[in-house]
1. Residues in region 209-240 that are assigned to a strand (DSSP E or B) and either under 19 Å from T179 (Cα atoms) or open to solvent by less than 40 Å² (accessible area, probe 1.4 Å) (or both): how many?
2. Can you work out which of the residues in region 241-288 that are assigned to a strand (DSSP E or B) and among the aliphatic types (A, V, I, L, M) is surrounded by the fewest Cβ atoms within 10 Å (Cβ to Cβ)?
3. Going by the conditions given, is W105 open to solvent by 40 Å² or more (accessible area, probe 1.4 Å) and free of Cβ contacts under 8 Å to residues at least 40 places away in the same chain?
4. With respect to T56, determine if the residue is open to solvent by 10 Å² or more (accessible area, probe 1.4 Å), of a type in the set (S, T, N, Q) and either more than 16 Å from the chain's Cα centre (by Cα) or modelled with pLDDT of 95 or more (or both).
5. So if I check each of D122, D75, D104, D92, which one is at pLDDT 95 or above and either among the hydroxyl-bearing types (S, T, Y) or over 17 Å from the mean Cα position of the chain (by Cα) (or both)?
6. Of the residues in region 177-229, how many are under 19 Å from V71 (Cα atoms) and of a type in the set (V, I, T)?
7. Mind checking which residues of region 150-159 are crowded, with 19+ Cβ neighbours inside 10 Å and either free of Cβ contacts under 8 Å to residues at least 24 places away in the same chain or outside any loop (DSSP other than H, G, I, E, B) (or both)?
Amino acid sequence: MAARRRRVANRWRRQARRFGITALFVAVAAGLWHFQERELRDGLSWQGVTTWQELTPLSFHRVLRNDGFLVGWSDVRVNPLWVSYLLHDVEDPNAGPRPGFQRDWRALWPISPDSYFGSGYDRGHLAPNYAIAAVHGSAAQRDTFLMSNMSPQRPDLNRRLWQRLEEVVMDRFVPRFGTLQVITGPVFPASFRDNVLNRVGLVEVPEAFYKILVVPGEEPRALAFLMPQRVAGDESLDDFLVSIDELEARTGLDFFPQLPEAAAVALEAEVETAGWGLEAVARLPGRF
């Protein structure tokens, strides 16, 4: 009987050692993955990855990393709350043929390429096809056609005013400054209850969209735009300038969480257009 108990005890000790070794391996692997993932995310961000100011069901989001850009995905609003990417000047910018739209299996809800059909809304890119393709390559371009990079936009916004802003960013501002950090996303009505039925299928419809442009450096400069859904499309871009503080108040997000307080006040509190040359490009027509 005693010999049997010893055999059983020895077997349990061996299993415990194997379990301990396995748990240690899993912990080390998870730690290495987390470190590498954080490093990759930081490489696509300036002054930290965008996050919430206060955690609520409406502000909570998961960070989805794609080639060339990050997405702050909300499974409650079924929208990206923000998309962040870096652009830099390239000698011969070009993009390949437009890929097809694709479902993103990382999203909780089944948003398919035909989910918007018949709604009157376009599948509006947040990370833009052309700029991402030109700077980050064909794999990144394919990722811009994931449905997790889309938000419902009215046609005159998506195809005209928003596209004009994207073209000015890539064609004028990136060559002018060399590098730009861009953060863009939707703005929803203050009352979730009032907007809960305003959906394209499962996808909540925003009331406006923002785009923040930052020239990184010791003395960074920034421009921010807020564009409503209902526009004619030929308005001057400078009609939609706002401060970053206003966008943070409207979205509940902290766009640059590692930016020191004094620098944040200087960069985010006011609208400052000096040095951008915006007046020369604000009324340029779109390419299409």
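The values are calculated or read from the model by the stated rules, or taken from the named source; none is laboratory data. In this text, all values refer to a predicted model and were calculated from it rather than measured experimentally. Here the Cβ positions follow ideal geometry from the backbone for every residue, glycine too, while neighbour counts run over all protein chains shown. These area figures cover heavy atoms from the full protein model, side chains too; ligands, DNA and RNA do not enter into them. Shrake-Rupley method; radii C 1.70, N 1.55, O 1.52, S 1.80 Å.
1. Residues meeting the conditions: 14.
2. Among residues in region 241-288 that are assigned to a strand (DSSP E or B) and among the aliphatic types (A, V, I, L, M), the one surrounded by the fewest Cβ atoms within 10 Å (Cβ to Cβ) is L241.
3. It is true that W105 is open to solvent by 40 Å² or more (accessible area, probe 1.4 Å) and free of Cβ contacts under 8 Å to residues at least 40 places away in the same chain.
4. yes
5. It is D122.
6. The qualifying residues number 8.
7. M150, S151, P152, Q153, L157, N158, listed by residue number.
Yes or no, residue by residue, for (1) part of a strand (DSSP E or B); (2) without any contact (Cβ under 8 Å) to a residue 12 or more places away in the chain; (3) among the hydrophobic types (A, V, I, L, M, F, W, C):
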{"position": "W162", "(1), (2), (3)": "no, no, yes"}
{"position": "V174", "(1), (2), (3)": "no, no, yes"}
{"position": "I183", "(1), (2), (3)": "yes, no, yes"}
{"position": "A190", "(1), (2), (3)": "no, yes, yes"}
{"position": "P206", "(1), (2), (3)": "no, no, no"}
